[in-house]
Amino acid sequence: MGVVEYKDNIIPYELKRAKIKNLYIHIKDGRVIVKAPYRLSEKYIKEFVDKKSKWICEKIKEYENNPKKNEIKITEEDIGRLKEVVEISINKYTNLLGVRPNKVRIKDIKYAWGSCTSNKNITINLKLANKSEEIIEYVVLHEMCHLIYMNHSKEFWNLVGKYIKDYKKLRKLLNE
């Protein structure tokens with residue numbers, strides 16, 4: 001357990017260690033949860049959380065002002081559209097990148113918009129059903145680029161940018 005301080009706000013956060021590669025901050029039901037790889041020091045985690053303190057406070061205030069915002073209504077029509085856009089995007093980038101995932105799943109993920117495993121399995125977040133086709137395609141490309149680079153290196157982002165020039169704008173829209 002730790003605390004985030006920003007201006008006059010002191011917000012507690014729960015630290016969960018896991019066998020993961022990256023450090024994540026989640027705001028769930030108004031609570032701050034930090035998931036960190038075992039290898040990261042407490043000091044590094046605290047510094048990371050401190051750097052994100054403004055964002056954390058903004059998200060907490062958003063939740064407090066509209067707690068139902070997190071309840072996303074997804075229809076069968078939305079799911080059908082999501083599946084179609086994912087399938088079209090997978091086929092498009094399979095041809096362009098020369099790689100194909102072993103398995104593609106769509107399910108409700110709590111920690112990310114998409115994920116790619118070292119076994120070349122891709123999972124796409126069900127909540128993307130309420131996002132634009134452009135954003136869905138970006139997430140699919142992002143995960144497919146992980147089939148080539150299992151990291152967020154400069155080469156990874158160059159590959160993403162080769163096919164979607166305005167990916168930074170889409171990333172920003174994705175998290176709004």
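The values are calculated or read from the model by the stated rules, or taken from the named source; none is laboratory data. Keep in mind that what you see is a predicted model, and the values were worked out from it rather than measured. Here the Cβ positions follow ideal geometry from the backbone for every residue, glycine too, while neighbour counts run over all protein chains shown.
Look through Ile164, Ile124, Ile135, Ile74 and report the one residue that is on the phi < 0 side of the Ramachandran plot, more than 18 Å from the chain's Cα centre (by Cα) and either of a type in the set (Val, Ile, Thr) or not assigned by TED's automatic domain parsing to the domain that holds His26 (or both).
Going through Ile164, Ile124, Ile135, Ile74 in turn, just one is on the phi < 0 side of the Ramachandran plot, more than 18 Å from the chain's Cα centre (by Cα) and either of a type in the set (Val, Ile, Thr) or not assigned by TED's automatic domain parsing to the domain that holds His26 (or both): Ile74.
Within the range 22-71, restricting attention to residues that are basic (Lys, Arg) and in contact (Cβ under 8 Å) with a residue 60 or more places away in the chain, which residue is farthest from His152 (Cα to Cα)?
Looking at residues that are basic (Lys, Arg) and in contact (Cβ under 8 Å) with a residue 60 or more places away in the chain, I get Lys28.
Being in a loop (DSSP other than H, G, I, E, B) and modelled with pLDDT of 90 or more narrows it down to one of Asn119, Asn22, so name that one. Step through it out loud before you land on a result.
Working: Asn22 fails: modelled with pLDDT of 90 or more.
Only one candidate passes the filter, namely Asn119.
Taking the options Lys172, Lys110, Lys127, Lys131, name whichever one is closer than 29 Å to Arg31 by Cβ, among the basic types (Lys, Arg) and touching a residue at least 60 places away in the same chain (Cβ under 8 Å). I'd like the intermediate steps shown before the answer.
Values: Lys172 fails: touching a residue at least 60 places away in the same chain (Cβ under 8 Å); Lys127 fails: touching a residue at least 60 places away in the same chain (Cβ under 8 Å); Lys131 fails: touching a residue at least 60 places away in the same chain (Cβ under 8 Å).
Being closer than 29 Å to Arg31 by Cβ, among the basic types (Lys, Arg) and touching a residue at least 60 places away in the same chain (Cβ under 8 Å) holds for just one of Lys172, Lys110, Lys127, Lys131, which is Lys110.
Condition first: under 26 Å from Glu143 (Cα atoms) and at pLDDT 85 or above. Now tell me which residues in the range 52-74 satisfy that. Give the derivation first.
Residues of the range 52-74 that are under 26 Å from Glu143 (Cα atoms), as a first pass: 52, 55-56, 59, 70-74.
Matches in the range 52-74: Lys52, Trp55, Ile56.
If a residue must be within 18 Å of the chain's Cα centre (by Cα) and either modelled with pLDDT under 90 or among the charged types (D, E, K, R) (or both), how many such residues does the range 37-51 contain? It would help to see each step written out before you state the result.
Step one: of the range 37-51, the residues within 18 Å of the chain's Cα centre (by Cα) are 37, 48-49.
If we keep only those that are either modelled with pLDDT under 90 or among the charged types (D, E, K, R) (or both) as well, we get 48-49.
Qualifying residue count, the range 37-51: 2.
Please specify each residue of the range 157-176 satisfying the condition of being modelled with pLDDT under 95 and either in a helix (DSSP H, G or I) or closer than 20 Å to Lys103 by Cβ (or both).
Tyr167, Lys168, Lys169, Leu170, Arg171, Lys172, Leu173, Leu174
Quick check: is even one residue across the range 81-104 closer than 27 Å to Ile20 by Cα, assigned by TED's automatic domain parsing to the domain that holds Val32 and of a type in the set (Gly, Ala, Ser)?
Within the range 81-104 (the criterion being closer than 27 Å to Ile20 by Cα, assigned by TED's automatic domain parsing to the domain that holds Val32 and of a type in the set (Gly, Ala, Ser)), the answer is no, since none of the residues qualifies.
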